[in-house]
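Nothing in this text is a laboratory measurement; each read-out follows from the coordinates by a stated rule. This one's a predicted model, so the numbers in the text were calculated from it and none came from an experiment. When we count neighbours, we look across all protein chains shown, and the Cβ atoms used for this are built from the backbone with ideal geometry, even at glycine.
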Amino acid sequence: MNMKINSSSESRRSSHRRSSSRVSGSHHGRTRLIQILGVALALSLLINLFIAIALGSYIRKAGLLSGVSASLRLQLTDMTEQLEANVRKTRILKGEIQELTLNRLPGLIELNYDEVIKIDKRYVKNIVFTRTGKNGAHLYEYKIVLENHDPALQPALKIVLFDRNGVQVGMSELRKDTEHGGIIRLDQDEVRAHYSVVQLPDNAEPEYFQVIFL
């Protein structure tokens, strides 16, 4: 009887390990695909830049000539069509990367600068991100608006920033002991704004964020 129970328990553990392995493999595969698509997107943007530079050169040459030959007009048309096709491919690649990232990490919100992004969760109403700093410093300022309709509370949350691939690149916390002016109390029906700055590594470019309540 004990042998049967042990066998059943081992079978369940083995099934759980196989299930965990499949989930881990799927997560790794999505991450790898996002990285590959990111490289393809970078190459596409680089090609678009070269085509645009060449197209501008031809247009300047055409402007200097009293008459544009049929051959030059044909080259201009071909380059324009190629550029438009590459722009369409770039949009498709960006859409695929975004879909994969959001599927892999549900709850992420697209980060658009200088735009009021509605949150409307618990006491967080909205947030605005702005690039700031000088001399190449990667600083990102945000203003978060809090609105409380419940009894007085102590706001506690963190803003987590992610890059295109869904990799965390920065974080900012709001607590009562925050170094640069935390919000100790938010009374019922009170609205307050909180400002903070996040400094990121030089090569980091946030494209998504998440609000996590503590």
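Miscellaneous remarks
- Cα gyration tensor shape of segment 109-213, rounded if a/c is under 1.5, else prolate or oblate by comparing a/b with b/c: prolate
- Net charge of the neighbourhood of residue 146, taken over other residues with C-beta under 15 Å away and scored Lys/Arg +1, Asp/Glu -1, is +3.
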